[in-house]
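The structure under discussion appears below in the form of C-alpha cells.
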Amino acid sequence: MVNKGVIKLKKNKRYALISTFDKSGLKKICTNFKKNNISIISTGGTARYIKKIGFKCLSIESLTKFKEILDGRVKTLHPKIFASLLFKRNDTQHIKTFDNLGFPKIDFVIINLYPFEKTISKKSKIDECIEMIDVGGPSIMRASAKNFYDVTSICDPKYYENFIQDLNKNKGKTSLSFRKKMSQKVFERTSCYDKIISEWLIPKTKTLNANKKIKLRYGENPNQKASLLLKNKKKNIFENLLKGKKVSYNNILDIDANLSCLNEFSQTACVIIKHNNPCGVAIGKTPLEAFKKAYECDPKSAFGGIVGFNKQINPDLAKILKKHFFEVIIGKGFDIKCKDLFTDKKNLILINSKNFRIDKNTEIKSINNGFLKQQKNLAKINKKNIKSVSIIKSKERELNDLIFALKVCKHVKSNSIVIAKNQQTLGIGAGQMSRIDAVKISISKISKKLKPKGFVVASDAFFPFNDNVKLLIKNNCKAIIQPMGSKNDNKVIKLVNEKKIALYFTKFRFFKH
C-alpha cells in the first residue's frame with residue numbers, strides 16, 4: 001500500500017487532476033488538454049469514462065500506490081496529492097521537498113461534488129444521503145483554490161467554456177485573474193455545500209441564511225428599516241419587474257399573496273389583493289372576463305390594490321386596467337403593445353410572473369427571541385378531498401363554486417368567510433376575531449348589482465355554533481363547505497337537513513394568521 005519507489009517524471013511536464021460526478025463537457029476539456037500537451041490524472045469512475053471517450057489517463061492509485069478503501073470513501077485523501085496542489089512554485093524549500101516525493105505537478109483541477117442537494121430533495125434514505133456527503137472533493141477543491149497563484153481550480157461544468165478560452169488564449173496556461181476568480185467560485189461552492197449539509201443534519205431557518213440581501217426603502221411604515229432576504233439569487237421578484245417604481249415591503253407581501261392565491265387555479269383567473277387579503281377573485285373564459293367579475297366583488301377595496309392574472313395580459317385588458325388605480329399588475333407575460341399603453345403611469349409596477357416559481361417548502365415568521373417555522377399549507381382542494389354530510393347534494397356547477405370558494409378562503413386571513421357564485425367571489429369577510437362577524441361582513445359586501453338568487457359559502461374552520469349557519473341561510477345560502485371537527489358538527493348537519501341545503505366537510509383546516 002506504500003509507495004516504495006520514486007516515479008520518474010519528465011521535468012516541467014504539466015498535469016491536470018480530473019474527478020467529477022457530473023461527466024458532461026469532459027470530452028471538450030480532455031481535447032483541449034491534449035492540444036496543450038497536458039496529461040490527465042483521474043480517479044475510479046472518471047478515469048474509466050475518460051478512457052472510454054478515447055483519451056489517455058493515469059489513475060491516482062498508480063501514482064500514489066494506494067488503492068481506494070472503505071468502498072471509495074478514501075481515494076484522494078493522500079499527502080502526495082495535497083503536496084502537489086499546495087507547494088509554492090516560487091519557494092526553493094517547497095520545490096525541494098516536493099521533488100523528493102517523485103509525484104506529478106498538478107497545475108489544473110477539474111472537479112465537481114457528489115449531488116447531495118439532489119439526493120435529499122428526493123427524500124432518499126438517511127444512509128443514501130450520508131454517502132452523498134463529499135469529503136475528498138471539497139478538500140481537493142479548497143487546496144487547489146488556496147494555491148490560486150499557481151493552480152487553476154474549476155468546480156462546475158458551467159465554467160468550462162471560459163476555462164478553455166483562457167487556456168488557449170494564454171497558450172496552455174491561465175491568467176492569474178482567471179485563477180483568482182475561479183478560486184472564489186470554489187470557496188463559494190464549498191461554503192454553500194457545507195451549509196446545505198449542516199441544515200439537513202439539524203434544520204434551521206433556511207430563509208434567514210440568505211444568499212442575497214436587498215435593502216428596501218422602508219418596512220411596513222417609513223420609520224421601519226427593511227430588507228428582502230433571498231435563498232436563491234435568481235428567484236428574485238426584482239428580476240421580474242418590467243416597469244414602475246421600486247417595490248416596497250408591503251408590495252412584496254401583497255405580490256406574494258397574489259401569486260400564492262393564483263397558484264390554486266388552473267383555469268383563467270384574476271386575483272385582486274388589498275392589505276394581504278383577496279378582495280376579489282374570479283374565473284373567466286378570458287382574463288378580461290375574469291377581471292370584470294373579480295372587480296365587481298368589491299370595487300371600493302380594489303382601489304390601490306394589486307391585481308394578478310395567471311395568463312398573459314393583452315392590449316384589450318391593459319386598456320381596461322389603465323382606467324383603474326392599481327399599485328401593481330401581475331401577468332404571465334405582457335403583449336409588446338401593453339408597455340406603450342402604461343407609459344404615462346410612471347409609478348405603476350408591472351410584474352412578469354411567467355418564470356416565477358412558487359416556493360413550496362417552508363414558511364418562517366419572527367417572534368420575540370426566535371422564529372416559528374412550518375410547512376406551507378399545500379393541502380389540495382378538490383372533489384376527492386371533500387365529503388357530503390347532508391341529505392341534499394350539490395349539482396356540478398354548485399359543487400365547483402364550493403371548491404372555488406374554499407380555494408380563495410385558504411388565502412384569506414382568519415377568521416375568514418368567502419361567499420361565491422359562478423366562480424366569482426361576492427363577499428369576503430377577513431381577519432375577524434369572531435366567525436359571526438366574518439359572516440356578517442361577507443354578507444354586507446354582496447353588491448346589490450349582482451343580486452344573487454342563491455350562493456355558496458366557504459369557511460376556513462368549522463362553524464362552532466348554528467348562529468352562523470342560520471344567518472347565512474336567512475340570506476339565501478344554498479350550500480356550505482367547512483372543515484370538520486367541531487363538537488357541534490352534528491347540530492350543523494341537523495340544521496342544514498331541516499333547511500334543505502347542502503353541506504360538505506373537508507378534513508383540512510385553513511387558518512391563516
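Rule-based calculations on the coordinates, nothing more; no lab input. All values derive from a computational prediction rather than experimental measurement. Note that we place each Cβ from the backbone using ideal geometry, even for glycine, and neighbour counts take in every protein chain shown.
For this structure, a couple of remarks:
- Computed about the Cα centre, the dipole magnitude for region 404-485 is approximately 420 debye when only Lys and Arg (+1) and Asp and Glu (-1) carry charge, each at its Cβ.
- Taking all Cα pairs closer than 8 Å and separated by 6 or more residues, the relative contact order of region 366-511 comes to 27 percent.
- Placing +1 on each Lys and Arg Cβ and -1 on each Asp and Glu Cβ, with no other charges, gives the chain a dipole about its Cα centre of roughly 840 debye.
- Here, region 366-442 has an Rg and a Dmax of 15.4, 51 Å when only alpha carbons are counted.
- Computing FRET efficiency as 1/(1 + (r/R0)^6) for N476 and Q312, where r is the C-beta to C-beta distance and R0 is 41 Å, gives about 0.65.
- In percent, rounded to a whole number, the relative contact order of region 350-413 is 21, using alpha-carbon pairs under 8 Å and six or more apart.
- The H on the amide N of L426, modeled in the peptide plane, is under 5 Å from the matching H of I419, A420, K421, each at least 5 residues off or on a different chain.
- Working from label points 7 Å from Cα in the Cα-to-Cβ sense, the K292 to D344 distance is 2.4 nm.
- Extension gain from E117 to K300, taking 0.36 nm per residue of separation minus the Cα-Cα distance: 61.1 nm
- In this structure, the amide hydrogen of G305, modeled 1.01 Å from its nitrogen in the peptide plane, lies closer than 5 angstrom to those of E327, counting only residues at least 5 positions away or on a different chain.
- Between K285 and K146, the distance separating the two model label sites (each 7 Å from Cα on the Cα→Cβ line) works out to 7.1 nm.
- Relative contact order of the chain, pairs being alpha-carbon contacts under 8 Å that are 6 or more residues apart, as %: 8 percent
- Distances between every pair of Cα atoms in the chain, grouped in 10 Å steps from 0 to the bin holding the largest one, split as 3, 16, 20, 16, 14, 12, 10, 6, 2, 0 percent.
- With the simple spin-label model, which puts each label point 7 Å out from Cα in the Cβ direction, the N221 to F325 separation comes to 2.2 nm.
- Phi-derived couplings, Karplus 6.51 cos²θ - 1.76 cosθ + 1.60 at θ = phi - 60°, listed residue by residue for region 151-167: 10, 9, 10, 10, 10, 7, x, 5, 9, 4, 4, 5, 4, 4, 4, 5, 4 Hz, with x used for Gly and Pro.
- Amide proton proximity set for G280, modelled H, under 5 Å, gap of 5+: I272
- Whole-percent P(r), region 253-398, all Cα pairs, 5 Å bins from 0: 2, 9, 17, 19, 17, 13, 10, 8, 4, 2, 1, 0.
- Toward the positive end of the charge dipole of the chain, with +1 on the Cβ of Lys and Arg and -1 on the Cβ of Asp and Glu, the farthest Cα among I446, C192, I306 is that of C192.
- Using 0.36 nm per residue and subtracting the Cα-Cα separation, the extra length available between N382 and I364 on full extension is 3.8 nm.
- Over the residues of the chain, the helix contribution to mean residue ellipticity at 222 nm works out to -10500 deg cm²/dmol, using -39500 (n - 2.57) for each DSSP H run of at least 4.
- FRET E, pair D437, L372, Förster distance 22 Å, beta-carbon r, rounded to 0.05: 0.25
- FRET efficiency for the E161 to E498 pair, using the beta carbon distance and R₀ = 60 Å, is estimated at 0.20.
- Percent of alpha-carbon pairs separated by more than 13 Å within region 437-513: 67 percent
- Segment E396-K23, extension gain: residue separation times 0.36 nm, minus the distance between their alpha carbons: 128.9 nm
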